[in-house]
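We did not get these values from a lab; they are worked out from the coordinates using the rules stated. Treat the numbers as computed from the prediction; the structure is a model and nothing was measured. Heads up, the Cβs are rebuilt from the backbone with ideal geometry, glycines too, and the neighbour counts pull from every protein chain shown.
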Amino acid sequence: MSRPVIEIKNLSFAYEDQLVLEDINLTVEERDFFAIIGPNGGGKSTLLKLILGLLTPQQGEIRVLGKPPQKSRDKIGYVPQNTNINTDFPIKVIEVVLMGHVGERKPLFGYGKDEIACAMGVLAQVGMEKFANEKIGSLSGGQRQRVMIARALCAHPRILILDEPTASIDPQGQKEIYELLEQLNQTMTILVVSHDLSIILKYANKVAHVNHSVVVHDISDKSKIFHTHSDTEHLCEIELLQMLGNESCDTCTSQKDDQLTPDIKSKNTKEWRENR
Amino acid sequence: MIEALQFSFMQHAIIAGILVSLAAGIIGSLIVVNRMVFLAGGIAHTSYGGIGLAVFLGLPIFLGASLFAVGAALLIALLTHRNRHRIDTFIGLIWAVGMAIGVIFVDLTPGYNVDLMSYLFGSILAVTTQDLYFMGGLLAIILFVVVFWYRQILAVSYDSEYAQLRGINTRFFYTLILILSALTVVIAIKVVGLILVIAMLTIPVYIAEKLSNSLFGMMFLSGAIATLFTLTGLWFSYTFDLTSGASIILVSAAGLGLFLLANRLKS
């Protein structure tokens, strides 16, 4: 039995009068690859900010590694959403990574040798050490995202939290990012917000569907969610939508898929695409 | 030009030009990367309220303008924290109210004898020794802050949410950058005037940004480019008997034009 690293109990959060999250209960265990999905405006980013301690809930409790989120920040690595902003900013890759150290003990000015060595180490871990002295804006979206992951790793986190890490990255780059995360998952808990359902299902062991409330699904047994009646194994989005949108997942099997009329199937697929 | 150097007003003008250009290069870089250009414009115009108040009360102009500008910076910092989405409206409001206060106080001053134009367009040839101490002191403070808090300022400017997560007091540094901007605007008013100050804070920075790959390099290069533009503008102003502030800004704009043209030809 794994230990819980993030525990959320009866949490509610509202921006002024608007209730965004209501009575959330959620447990993330050590070494989980935990995915958060849900529609835009459903409260995904708000939930992340609560876990990071950037927002405080009006009701309920969050414990990260047994402590309030603000006290566990040094054990959390965070990769924010959208790395395409601020690309004109004159800053080198290595300086971005060194930001991961800010707030820890440091020399009077400049950067310590140990800090630079550590930063080069994490850059090597994500395969970006050759780019250390490049301007961040000259990198591709996927490369920049790796740098952001390196920055998060700089703090030697126990939990790595990523907000839509593959938005606006080409398919090959997306695959590489998730392979990297899978590798990092050997030593740390991964919590990722994403729209890429097909990728999430391949790598995650748990999925939480956040839309005002939360429904958690254990998908560690991959055989249940793959189509088996075709030669090439592939994912059925409709099944997944049904499974993730409903409380009763165990009723969701491939038979259920067959009961749907083609009209409904195509409608659901269309809606799903639009939501994306 | 050489014979002009023997006049103390010209020596003061050159020293003031260098001090203000260096300060404007460093702080202008921070203003541009933090996307605070409109905000700095608001502070510049608001400080006219302080000029009017100082004239009315018979206080040193620098003191009045500084207090008003810093007050505006603190107000903007507070409002930004409370309601970021409406900040442009508030800045527009503070901008106009500050100027209106200045105009009213000048109206109320008996025996009106202030040359309004010198504050709107600068009066670099009327810089006093006292002004130079003020400018030098401010530049020293700016250098101290950016050298010792470089990492924090870099982190807050590049990604403030992340900086906050790493335990940096982002509000403190945001406010600090705003206050230093306010004070820089005040000394730059002496050189180019409050209407033209934005150009001085942004044109050299824009060129430097394209040529630098670190914030520190950008600050240094902006300072150097601003100094070049200011001294060249001053030379034009002296030689052809033109308003100094406007000459400096037009030299800067011409420099920017040449830079963009050279860039276009190169690619």
- [ ] Work out, step by step, the length gained on full extension between A:Glu16 and A:Ala117: first 0.36 nm times the residue separation, then minus their alpha carbon distance; give nm to one decimal.
- [x] 31.8 nm
Open item on the list: If every alpha-carbon in the range B:1-74 counts as one equal scatterer, what log10 I(q)/I(0) does Debye give at q = 0.28 1/Å?
Closed with: -1.11
Open item on the list: Run the simple label-point estimate for B:Asn169 and A:Asp170 please: 7 Å along Cα→C-beta, distance reported in nm.
Closed with: 4.6
Open item on the list: Which of the three applies to the range B:168-236, rounded, prolate or oblate, going by the alpha-carbon gyration tensor with a ≥ b ≥ c and a/c under 1.5 meaning rounded?
Closed with: oblate
Task: Summed residue charge, Cβ within 14 Å of B:Leu260's Cβ, Lys/Arg positive, Asp/Glu negative - done: +2
TODO: For n ≥ 4 DSSP H runs only, could you compute -39500 (n - 2.57) per run for chain B, divide by its residues and tell me the 222 nm figure to the nearest 500?
DONE: -28000 deg cm²/dmol
Task: Percent of C-alpha pairs per 5 Å bin, the range B:75-129, short to long - done: 4, 15, 17, 14, 15, 14, 12, 7, 2
Open item on the list: Sort A:Arg63, A:Arg3 by Cβ crowding within 10 Å, fewest neighbours at the top.
Closed with: A:Arg3, A:Arg63
Task: At R0 = 30 Å, FRET efficiency that the Cβ-Cβ distance of A:Asn86 and B:Phe9 yields, to 0.05 - done: 0.10
Task: Where chymotrypsin sites (Phe, Trp or Tyr not before Pro) fall in DSSP loop in the range A:103-193, at most 13 other Cβ within 10 Å - done: A:Phe109
Task: Whole-number Å³ per residue for the convex hull built on Cα positions in chain B - done: 134
TODO: Going by C-beta contacts inside 10 Å, put A:His195, A:His209, B:His85 in order with the fewest on the left.
DONE: B:His85, A:His195, A:His209
Task: Share antiparallel - DSSP beta bridges, the protein assembly as shown, percent rounded to 5 - done: 55
Task: Burial ordering of A:Lys9, A:Lys206, fewest other beta-carbon atoms within 10 Å first - done: A:Lys9, A:Lys206
Task: Contour minus Cα-Cα distance for B:Ala96 and B:Ile141 (0.36 nm per residue) - done: 13.2 nm
Task: Sparse-neighbourhood loop sites, GluC sites (Glu not before Pro) in the range A:1-71 - DSSP loop, at most 12 other Cβ within 10 angstrom - done: A:Glu16
- [ ] Evaluate Rg over Rh across the protein assembly as shown, taking Cα atoms for both radii and Kirkwood's formula for Rh.
- [x] 1.08
Open item on the list: For A:Leu160, what residues show an amide H to amide H distance below 5 Å, using hydrogens built from the backbone and excluding near sequence neighbours?
Closed with: A:Gly77, A:Thr189, A:Ile190, A:Leu191
Task: Dipole moment magnitude, nearest 20 debye, the protein assembly as shown about Cα centre, only Lys, Arg, Asp, Glu C-beta charged - done: 980
Task: Sites A:Glu134 and B:Asp88, calculated FRET efficiency, Cβ-Cβ separation with R0 41 Å, nearest 0.05 - done: 0.75
- [ ] Using only the C-alpha atoms of the range A:29-71, find the volume of their convex hull and express it per residue in Å³.
- [x] 87
Open item on the list: I'd like to know how the range B:18-156 sits against the 2.2 N^0.38 Å rule of thumb: what's its Cα Rg over that expected value?
Closed with: 1.13
Open item on the list: If you take each beta carbon of peptide A:37-46 and count the beta carbons of other chains within 10 angstrom, what is the mean?
Closed with: 0
Task: Distant-in-sequence amide H partners of B:Gly193 (H built 1.01 Å from N, under 5 Å) - done: B:Gly122, B:Ser123
TODO: Mind running the shape call on the range B:137-267? Use the C-alpha gyration tensor, a ≥ b ≥ c as the square roots of the eigenvalues: rounded below 1.5 for a/c, prolate if a/b tops b/c, oblate otherwise.
DONE: oblate
Task: Gyration tensor (alpha-carbon) shape descriptor, the range A:4-220, a/c threshold 1.5 - done: prolate
